[in-house]
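Encoded as structure tokens, the structure appears first; notes follow it.
Each value in this text was obtained by applying a stated rule to the coordinates, not by laboratory testing. Keep in mind it's a predicted model, so treat the numbers as computed, not measured. Every residue, glycine as well, gets a Cβ built from its backbone with ideal geometry; the counts of neighbours run over all protein chains shown.
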Amino acid sequence: MNNLYAIRTEKGMTQSKLAELSGINARQIRKIETGEIKTRNITVGTITALAHALGVGIEELIKENTEKH
């Protein structure tokens, strides 16, 4: 999920805090952020829990980043 790291850091949240709020293991969050776990392999429940803990919509969390830098 391209936006997980950006949204989490924008909100000043650590992986540990996100893990606590979402119920998702911090190791899994790290693997998602680094791309070790691909978006297509993440369950809807996990995506929903992360979005809820971050206070964003699922769409915002999983949308593709199309900006060119």
**Q.** Percentage relative contact order, the chain, counting C-alpha pairs under 8 Å, at least six apart
**A.** 46
Q) What label, among (i) 1.00; (ii) 1.21; (iii) 1.08, belongs to Cα Rg over 2.2 N^0.38 Å computed from the structure on display? A) (i)
**Q.** Range in the chain, longest, excluding exposed trypsin sites (Lys or Arg not before Pro) [loop by DSSP; at most 13 other beta-carbon atoms within 10 Å]
**A.** 12-37
Q: Give, as a single signed number, the net charge of other residues whose beta carbon lies under 11 Å from the beta carbon of residue 26, with Lys and Arg counted +1 and Asp and Glu -1.
A: +2
